[in-house]
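The values are calculated or read from the model by the stated rules, or taken from the named source; none is laboratory data. Everything quoted here is computed from the prediction, not taken from an experiment. A quick note on method: Cβ atoms are made from the backbone with ideal geometry, for glycine too, and the neighbour counts reach across all protein chains shown.
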Amino acid sequence: DWTMAEFRRTKIAEIREQVGSSRVICGLSGGVDSAVAAVLIHEAIGDQLTCVFVDHGLMRMGEAEQVVSLFRNHYNIPLVHKDVSPLFLGGLAGVTDPEAKRKFIGKTFIDVFEAEARQVGGADFLAQGTLYPDVIESVSFTGGPSVTIKSHHNVGGLPDRMNMKLVEPLRELFKDEVRALGRELGLPDIFVGRHPFPGPGLAIRIPGEVTRERCDILRKADAVYLEEIRNAGLYDAIWQAFAVLLPVKTVGVMGDFRTYDNVCALRAVTSTDGMTADIYPFDAAFLSRVATRIVNEVKGINRVVYDYTSKPPGTIEWE
Ligand code: XMP
C-alpha cells in the first residue's frame, strides 16, 4: 500500500523528531490501535521504547496471553506485563456511575505508566493509539457546544496533572487506515482483523458494580458468543460483537428447579469507523443457539437478550 508506506516513513521521522533521545512508555490495551502504535514507534526509536501491557483484570478471555505472545514471539519487542488487577478491581468496588468508572480507570492507567516511567529511569513521553474518532467524540458533538459524550480514557479521561507528554502517531487515522498500516508493518492478519476493544475493557460492559466474579461470568458468556460467531464464519463481517452483563436478575427454570440469575445482553454491530453503527441481523437460529449455550454453560446467567439499537441513538458500548 503506497499511501501507508509513505505514512510510515513520515511518521517515523516525526516521532524521532518529537522524542529525541528521551524514553517513551507505550501502553498496550490488547487492541489493534495500541499494537500498531507500539510497532511503529519501536521502528522509529528501538529500545528507547518500553511497552507495558497493563492487565487490569478487565480483559476478554485469553486476550492478555495473545498480546504478550504477539510482542514477545512475533516481534521480539520487550514487553512488561503488569498484573495490576487488584488495583483496578479494588478501586472499582462500589463504583456504579459510568463516567466515574472511566475516570478512575484513566487515572489508574496513568499511575501505572508513571510508575513504570520511573522504573526505566525516567520517561518523558507516553504513547497511545488514539484515533481520529476518539479525538472528535471526546471533544464535542458535531461541532456544537462542547458536550462530552463519553470520556474515552485514551483522550478525555487523562488527568490534568499528568507529567508525561503524549506521542499519538495515529491521531489522524480512521480504523480501516490503522488496519492498513498494521498490515504494512507486518502484523499478522488475525491481529489486524481484531474487533476494537475499549481501554476500560469489561468495566463498561458490566453496568452497575464491577466485581471479579461478574467479570468472570461475563468473560465466559462473551467467549461462547465469539466462538459461535467464528464458527459461523461471521467474525469479519462484524465490526464489534460482545456480551454485556446486566445488573438485573430474573426468574427462570432449569430442570425441576426455579432459578434467579443474571441477564446477559448480546451486541453485534456493523460500522466503518465506530461513529455510526447498525445492528448485525443474525438469523434466529444462530441467536437461539448462542442463548441456549450461554444459559447451559455459564453459571450465573439464566436469560439472554439481543440488543437491536443502532448508533445513534444508542452507543456501541453500553456505558
Ligand atoms: P461508543 O460506545 O462510544 O464506542 O459508540 C465507539 C467505539 O469506541 C470504543 N470505545 C473506546 N475505546 N477507550 C477506547 O479505547 C474508551 O474509553 C472507549 N469507549 C468506547 C468502542 O468500543 C467503539 O469501538
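Screening segment 271-308 for residues that are among the hydroxyl-bearing types (Ser, Thr, Tyr) and surrounded by 15 or more Cβ atoms within 10 Å (Cβ to Cβ) and picking the one that is nearest to the ligand (Cβ to nearest atom) gives 271.
Of the listed requirements (1) modelled with pLDDT of 95 or more; (2) over 24 Å from the mean Cα position of the chain (by Cα), residue 1 misses just one: (1). Scan segment 246-270 for residues that are within 16 Å of the ligand (Cβ to nearest atom) and closer than 21 Å to residue 217 by Cα and the total you get is 4. Would segment 88-96 turn up any residue that is at pLDDT below 95 and in contact with a strand residue (DSSP E or B) (Cβ under 9 Å, 6 or more places away or on another chain)? No - not one qualifying residue is present in segment 88-96. The number of residues in segment 170-218 that are within 14 Å of the chain's Cα centre (by Cα) and away from the ligand (no atom under 16 Å from the Cβ) comes to 1. Of the numbered criteria (1) surrounded by fewer than 21 Cβ atoms within 10 Å (Cβ to Cβ); (2) at pLDDT below 95; (3) within 16 Å of the ligand (Cβ to nearest atom), the one residue 152 fails is (1). Within segment 286-318, being within 20 Å of residue 270 (Cβ to Cβ) and not β-branched (Val, Ile, Thr) holds for 286, 287, 306, 307, 308, 310, 311, 312, 313, 314, 317, 318.
For residue 315, the requirement of being in the same structural domain as residue 238 (by TED's automatic domain parsing), within 16 Å of the ligand (Cβ to nearest atom), on the phi < 0 side of the Ramachandran plot and among the polar types (S, T, N, Q) is not met.
Quick grid of which residues meet (1) surrounded by 19 or more Cβ atoms within 10 Å (Cβ to Cβ); (2) on the phi < 0 side of the Ramachandran plot; (3) part of a loop (DSSP other than H, G, I, E, B):
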position	(1), (2), (3)
40	yes, yes, no
52	yes, yes, no
60	yes, yes, yes
77	yes, yes, yes
86	no, yes, no
99	no, yes, no
